[in-house]
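What follows is one structure encoded as structure tokens, with my remarks underneath.
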Amino acid sequence: MKSYLKGQGIDFISVADNNLILKAMTTVGAANRAFKVVITNYVVGTNVVYAPSNNPAVPAALAPLIQSIAGLDDMTLYQPRHIVQRTHRHVGPIGGYNPAALRTAYNANSLLNAGAKGAGQTVALFELDGYNAADVDMYRNTYKLGPGKYINVMVDGATNTPGMGAIEVALDMEVVSAMAPMATQRVYIGPNSTAGLKDTYNQIVTDNKAKVVSISWGLCEALSDKADMDALSAIFKQGAAQGQSFFAASGDAGAYDCGTYGELGVDWPANDPNVVGVGGTKLQLGSGNTYSSESAWGDKITNTGGGGGVSSHFNRPAYQAGLNLTNSKRMVPDVSANADPATGYSIYCSASVSCQGWTIVGGTSAAAPLWAGIAVDVNQYLAAQKKPTLGHANAMLYRLHTTSLPYAAYHDIITGDNLHYQAAKGYDLATGIGTLDVWNIARDLAALPGGSVKPTPTPTPRPTSTPRPTPTVKPGPTPRIA
């Protein structure tokens, strides 16, 4: 492959440590020749982007070696999965659930009081925007969580410059801080493009310095390129094999992730078999922040709700066999947590025009880092008892659901819907296997016989097309590829 690129006038840069990604840099003309495309400028909304006007192609002898081709466009890909609540509620400085409320409701205090607060553990945050560390410090200081430890990892030339997505990064870091205050947070920031997100995920996996990964950005499966999903799945599979647990937001449009009411769809990468898809609920508290009730999140007035449904791309993984729902494809979500903005999280962010101090935020992108933070604590607890850590979390969490164990690990959500699928006893497509009882999960995992479970196989690689927008007659600047 390197010889072919060199022959086409393309400068080879590097091969990732796991040999899954080859990076190169070239001109538009050389890229057009090498991949038999015509890269053109397009106007998408108010933005000028570049992308090929046809599908890329390579010589037949090379095609079996290539899973996907990225970097031929600069289109923004992922969207954050959060919703800001404008109506102030109780608990936080101006409303919203604070760390004490979340810990009490989900029975995490016993685990944290036992010393499992994330010390010696690292969580990776996948991000496509920057943040202001002072915002996270403000949150931690307000709620007496102690000083934080943040390590920034910049990918493909990205910078920690807060933009419109800064509130997403603050949300992730602050929710993880709430549940695992002593954990180190490695914040991976990459460009919001096909190549950027692949490189960022691959950096997380090849670094292998965080055994828990939180993902709050996603894209509707139907709008995602199949080869890109398969390429990323190979990265997740490697991560799962080396003991990394991935928690991804399942989306905030209920069962209609693509935003078109009436067309069912799920979110990528929550749909991946080696990623824990985290759905959303509405959590009601009793006196003293105790757990009162919980229902599936689905608001028909705002058309928002926890993402859930059936993948059209990935087959059913082995860990979903034998559930009360029968399906040949991957079902989402796996688990859930509070996500309704009406019962949202107290968050501080002042880094950009998208956030102006204390606010209340909901969405499954709050539920995913909540699970990730707890996973870090649980890993510390298990390691102290010389027990296997979560590793491939999907399989381990389903074992708690299907195995007779001393404690009830989950709240089985049986009321509400996600705009289409009804919550019901057992597994359902609105809330998965349920929400977490943290102390019970930790003790049940410690009681499980055997070790971690092998990751789910990845689909056979195959080259395919690159997404492209509809061209307009409006001219744009000359494109460059880097």
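I'd like the full set of residues that are buried (at least 24 other Cβ atoms within 10 Å of the Cβ), among the charged types (D, E, K, R) and not in a helix (DSSP H, G or I), limited to region 221-264.
If the condition is that a residue be buried (at least 24 other Cβ atoms within 10 Å of the Cβ), among the charged types (D, E, K, R) and not in a helix (DSSP H, G or I), then D252, D257 are the ones that fit.
Within region 321-332, which residues are over 20 Å from the mean Cα position of the chain (by Cα) and under 13 Å from G432 (Cα atoms)?
Selection gives L323, N324, L325.
I'd like to check something: does region 82-93 contain any residue that is at pLDDT below 95, among the aliphatic types (A, V, I, L, M) and in contact with a Pro (Cβ under 9 Å, 6 or more places away or on another chain)?
Start the filter on region 82-93 by keeping residues that are at pLDDT below 95, which leaves 82-93.
From what's left, among the aliphatic types (A, V, I, L, M): 83-84, 91.
Next cut, in contact with a Pro (Cβ under 9 Å, 6 or more places away or on another chain) only: 83-84.
Yes, some residue in region 82-93 is at pLDDT below 95, among the aliphatic types (A, V, I, L, M) and in contact with a Pro (Cβ under 9 Å, 6 or more places away or on another chain).
Of K211, K226, which residue is touching a residue at least 24 places away in the same chain (Cβ under 8 Å) and within 16 Å of the chain's Cα centre (by Cα)?
Values: K226 fails: within 16 Å of the chain's Cα centre (by Cα).
So the residue among K211, K226 that is touching a residue at least 24 places away in the same chain (Cβ under 8 Å) and within 16 Å of the chain's Cα centre (by Cα) is K211.
Test of understanding: among T161, T104, which residue is part of a loop (DSSP other than H, G, I, E, B), surrounded by fewer than 23 Cβ atoms within 10 Å (Cβ to Cβ) and either at pLDDT 95 or above or out of contact with any strand residue (DSSP E or B) (no Cβ under 8 Å at 6 or more places or on another chain) (or both)? Even if it seems obvious, please write down each step before you answer.
Details: T104 fails: part of a loop (DSSP other than H, G, I, E, B).
Of T161, T104, the one residue that is part of a loop (DSSP other than H, G, I, E, B), surrounded by fewer than 23 Cβ atoms within 10 Å (Cβ to Cβ) and either at pLDDT 95 or above or out of contact with any strand residue (DSSP E or B) (no Cβ under 8 Å at 6 or more places or on another chain) (or both) is T161.
Those residues that are at pLDDT below 95 and hydroxyl-bearing (S, T, Y), I need them from region 221-233; list them, please.
Result: S224, single match.
Any idea which of G218, G146 is at pLDDT below 95 and either touching a Lys or Arg at 6+ places or on another chain (Cβ under 9 Å) or surrounded by 24 or more Cβ atoms within 10 Å (Cβ to Cβ) (or both)? Before you say what the answer is, go through the steps one by one.
Working: G146 fails: at pLDDT below 95.
After applying the criteria, what remains is G218.
Please work out if A116 is more than 22 Å from A249 (Cβ to Cβ) and in a helix (DSSP H, G or I). So that I can check it myself, show each step before the final result.
Values: more than 22 Å from A249 (Cβ to Cβ): yes; in a helix (DSSP H, G or I): no.
The answer is no for A116.
Go through (1) in contact (Cβ under 8 Å) with a residue 40 or more places away in the chain; (2) not in a strand (DSSP E or B) one by one and return the number of the condition G146 breaks.
(1)
The values are calculated or read from the model by the stated rules, or taken from the named source; none is laboratory data. For clarity, every value in this text was computed on a predicted model and none was experimentally measured. In this analysis, Cβ positions are derived from the backbone assuming ideal geometry, glycine residues included, and neighbour counts consider all displayed protein chains.
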